[in-house]
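Here's the structure, in structure tokens; my notes come after.
The values are calculated or read from the model by the stated rules, or taken from the named source; none is laboratory data. All values derive from a computational prediction rather than experimental measurement. Methodologically, a virtual Cβ is constructed for each residue, glycine included, from the backbone with ideal geometry; neighbour enumeration extends over all protein chains shown.
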Amino acid sequence: MPIRLECLSHTPLQGYFDPAQEVRMEVERVQAAARERVLAYDPELVVVFAPDHYNGFFYDVMPPFCIGAAANSIGDYKSLAGPLAVPGALSRELAASVLAADIDVALSYRMQVDHGCAQALEVLTGGLDRFPVIPVFINSVAPPLATLRRSRLLGEAIGRFLSCTGKRVLVIGSGGMSHEPPVPELASADAEVAERLIDGRNPTPEARNARQARTIAAAKAFAAGTGNMHPLNPEWDRALLERLACELPAVDGMTNEAITRDGGKSAHEIRTWVAAFGALSAYGPYRASLDFYRPIPEWIAGFGAMHAAPAAAASTKKEH
Ligand SMILES: O=C(O)CCc1cccc(O)c1O
Ligand SMILES: [Fe+2]
């Protein structure tokens, strides 16, 4: 019952507004190395913990967590569009098992995912449907949010289920560390924006383009040091990476207020990493390595990459 973990930051700005060539190439190397590890491991099941940016989940019903029993990627920015290869019956069993562990989770037979999920799948597997994949949405932008601790416990409950499947499993966490791109908030929205946050599925191409153009313009302003966006916080990011590697339960002490204050409003995407590490921790002690970290203002992201495996199995190859 082997398990591996890959966690990566995502950014839809890759390919639209890039940092210096050497940084871009280093990220590409890190991404390619991660993909090689995944392809060599050849998982029988992938579980991807991902946020959403008001593309698939809205305030008409905003769950803290949702397991996909079927899912389609909308293809925002340059991310791939199309169906994920979701094993629906297994997703349903997973949801039942998580609920039985006292973690309340929603189930969707029509989940829409955005770049927050699709980019990780493309980078790590080369497509959306190369391996059976169960997407697990974690609300990371739409307050009120569950606690960070709850993401760890969700991950743990999922990990306990996975360890009983006997499958060769890969868990993925997809999200930024410190960052705050321009995402509207319901509390301060006018009627039109509020409607978009409550029930804004399937926008027109014009509306989508306008939104993407706003993000790109914001990235340019941020990299130029103009505008008043929340700064990236490399010290905070590095402390978090250390915690994930060495003392996962310590994340329980991080309040949502402190995450917003220190990392910015989208830093809540770290809960995808916390859940992935929670799943791995259900298999016992693990060894994690930090493959990359750098604050990349052009991408509005504290950008990191880690992989990990159970301590006992860190050097074993693919097992059949
Ligand atoms: O389109 C959006 O709403 C936000 C896009 C976005 C920008 C920078 C970093 C991210 O992690 C991210 O998701
Ligand atoms: Fe994001």
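Of the residues Ala69, Ala100, the single one that is free of Cβ contacts under 8 Å to residues at least 12 places away in the same chain and away from ligand 1 (no atom under 16 Å from the Cβ) is Ala100.
Of all residue pairs spaced 6 or more apart or on separate chains, those with beta-carbon atoms under 6 Å, a first member in region 163-185 that is at negative phi and assigned to a loop (DSSP other than H, G, I, E, B) and a second member that is of a type in the set (Asp, Glu) and more than 16 Å from ligand 1 (Cβ to nearest atom) are Lys167/Glu44; Arg168/Glu44. Take the conditions (1) at pLDDT 95 or above; (2) of a type outside the set (S, T, N, Q); (3) crowded, with 24+ Cβ neighbours inside 10 Å; Gly176 misses just one of them, which is (1). I'd like the full set of residues that are among the acidic types (Asp, Glu) and either within 16 Å of ligand 2 (Cβ to nearest atom) or surrounded by 15 or more Cβ atoms within 10 Å (Cβ to Cβ) (or both), limited to region 54-92. Passing the criteria: only Asp76. Looking only at region 11-45, how many residues end up being more than 16 Å from ligand 1 (Cβ to nearest atom) and either charged (D, E, K, R) or within 16 Å of Ile138 (Cβ to Cβ) (or both)? The number of residues fulfilling the criteria is 9.
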